[in-house]
Amino acid sequence: MRPLNSIRFEVVFDLAGMEKRLTEIETLVGKEGFWNKPEEAKTILKERTGLSNRLDHFKRLAVEVEDTQGLYEMAVEESDEGTLSDLSRQSVDLLQKVERFALGLMLDGEDDGKNAIVSINAGAGGTEAQDWADMLFRMYSRWVERKGYTIELIDYQPGEEAGIKSATFTASGENAFGYLKSEVGVHRLVRISPFNASGKRHTSFASVFVYPELDNEIVVDVEDKDLRIDVFRASGSGGQHVNKTSSAVRITHLPTGIAVQCQQEKSQHRNKELAMKVLKARLHQREKQKQDEKLQEIHDSKEDIAWGSQIRSYVLQPYQMVKDHRIGLEIGNVNEVLDGGIDPFIEGVLLSKDKKGAKAV
């Protein structure tokens with residue numbers, strides 16, 4: 001077992017600064033007239049909750065590391081092989097906790113702590129691409145479950161024969177957008193086609209877009225005159241409600257041409273509410289990215305869902321391998337990845353972007 005105090009994490013954790021800020025907030029909350037400006041008060045209280053949770057988490061981990069280190073030193077001194085064996089197993093779990101905490105410290109962007117709105121779109125290629133988009137939808141759904149997050153389906157467009165044309169959902173949980181933002185881009189699949197009798201290899205593409213879900217503290221100015229709202233009958237596999245009432249809603253933002261739709265709820269009002277949430281998120285993200293031409297092209301263009309633009313390749317034939325082209329990470333257990341095991345890729349991308357300017361603590 002490696003002594004835990006010999007492990008170094010390249011992250012910034014200003015314990016003294018965070019404790020000082022928390023004290024300042026407690027002073028502000030205690031002042032008369034604090035609630036005279038409800039929106040400002042809400043922002044400050046949210047900051048207090050975030051600081052308190054992070055500090056509590058750090059202190060719990062510090063105690064656990066200290067206790068484990070003390071037991072380790074005693075076991076070494078007494079040559080207690082049984083205890084050393086138990087501590088070796090426990091230290092693996094503890095190390096993973098510390099690494100997850102360290103990774104969480106990197107997610108300090110303005111929107112990283114928000115829920116994520118994820119949109120998956122099949123590329124050109126008909127049934128093959130649509131089946132691949134459905135596989136990605138399942139992969140992200142399983143990842144959401146593994147993280148203990150919740151998922152809310154906003155829109156789901158089935159393919160004519162199999163798979164999906166597109167799907168949009170919300171992943172709700174701590175730092176959901178911070179993690180999933182690294183998944184934006186084109187995903188490529190290579191396999192023997194299950195839809196082709198000749199058994200030839202086939203390459204399919206699908207794109208993934210991720211937006212932060214906005215809360216009430218962020219205002220996106222959307223005027224009614226800039227919207228075109230269409231209602232239509234929901235499509236689906238059947239049921240008493242499907243195709244009998246015009247409950248599905250499509251909202252088009254005329255100045256930008258951005259269109260979103262929702263048909264999953266029976267209530268037209270609820271579908272409109274969900275569609276507006278997605279529209280505001282997309283408009284907000286568009287404004288943040290308008291100075292970045294490359295990201296804007298990814299956001300607006302569907303022509304890039306093709307060879308040469310992929311961030312990750314999933315190869316099922318003639319060998320099995322998933323490779324992230326941004327960081328060169330390769331994983332041979334494709335089934336594990338497609339079952340939601342994408343954390344190594346997400347963490348690898350986040351770590352690769354955070355190395356500059358970090359310090360050990």
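The values are calculated or read from the model by the stated rules, or taken from the named source; none is laboratory data. Remember, predicted model here, so these are calculated numbers, not experimental data. Note that each Cβ is placed from the backbone with ideal geometry, even for glycine, and that neighbours are counted across all protein chains shown. These area figures cover heavy atoms from the full protein model, side chains too; ligands, DNA and RNA do not enter into them. Shrake-Rupley method; radii C 1.70, N 1.55, O 1.52, S 1.80 Å.
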- Query: Which order do M74, M135 take by accessible area at a 1.4 Å probe, largest first?
  - Reply: M74, M135
- Message: Counting only protein heavy atoms and a 1.4 Å probe, tell me what percentage of the range 111-235's accessible area is made up of carbon and sulfur.
- Response: 45 percent
- Measuring with a 1.4 Å probe in the full set of protein chains, what accessible area per residue, in whole Å², belongs to the range 1-127? 61 Å²
- Residue by residue through the range 83-88, the couplings from Karplus 6.51 cos²θ - 1.76 cosθ + 1.60 with θ = phi - 60°, in Hz, x for Gly and Pro, are 5, 4, 5, 5, 5, 4
- Task: Can you figure out the FRET efficiency of E66 with N335, using R₀ = 35 Å and their beta-carbon distance, to the nearest 0.05?
- Result: 0.35
- Computed from the beta carbon distance with a Förster radius of 30 Å, FRET efficiency for E73 and E19 to the nearest 0.05 stands at 0.55
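Quick one: ranking K114, K277, K272 by accessible area, 1.4 Å probe, largest first, what do you get?
Highest to lowest solvent-accessible surface, that is K272, K277, K114.
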